[in-house]
1. Restricting to region 51-75, what's the tally of residues that are surrounded by 10 or more Cβ atoms within 10 Å (Cβ to Cβ) and assigned to a loop (DSSP other than H, G, I, E, B)?
2. Filter region 54-106 down to the residues that are among the polar types (S, T, N, Q) and in contact with a Phe, Trp or Tyr (Cβ under 9 Å, 6 or more places away or on another chain), then identify the one that is nearest to Leu3 (Cα to Cα).
3. Taking region 50-85 as the region of interest, how many residues are within 14 Å of the chain's Cα centre (by Cα) and at positive phi?
4. Quick check on region 1-31: of everything there that is small (Gly, Ala, Ser), closer than 29 Å to Val50 by Cβ and part of a loop (DSSP other than H, G, I, E, B), which residue is modelled with the highest pLDDT?
Amino acid sequence: MFLACPNRCSTNRFELWNASVFVDILGRYIDYKAVDAPLYRCTECGSPAVDLGEVAGAMATDREEQKDPVREYACPSCEELFSAPKDQTLVVCPACGQTFPVTDAP
């Protein structure tokens, strides 16, 4: 994880935004409950923080998706919309099972 403020604030201090911390009547820590995806915000400007540590993985995923593109199809029988690999010449509708040929569109 490498957090950054989108407004480039210089404090480099972030607050955990969506986790509950439980304390007793004297303010002493008892327990916490974190949610599935923690969110952080910049303590200087209040903007949601960006996790730059995830950028490389997201870019790699985008590159993989571009290597094996999919195409959107509408079934001629039931009009269901679905995706299938671009290089297929026959596709099967996942909703009704209809098989139909496809050609490259200009």
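The values are calculated or read from the model by the stated rules, or taken from the named source; none is laboratory data. Since the structure is predicted, the reported quantities are computational estimates derived from the model, not experimental observations. Here the Cβ positions follow ideal geometry from the backbone for every residue, glycine too, while neighbour counts run over all protein chains shown.
1. 2
2. Ser83
3. Qualifying residue count, region 50-85: 0.
4. So in region 1-31, the residues small (Gly, Ala, Ser) come out as 4, 10, 19-20, 27.
Filter again for closer than 29 Å to Val50 by Cβ, leaving 4, 10, 19-20.
With the extra rule that they be part of a loop (DSSP other than H, G, I, E, B), the set shrinks to 10, 19.
On the way: Ser10: 83, Ala19: 74.
Once the filter is applied, the top-ranked residue is Ser10.
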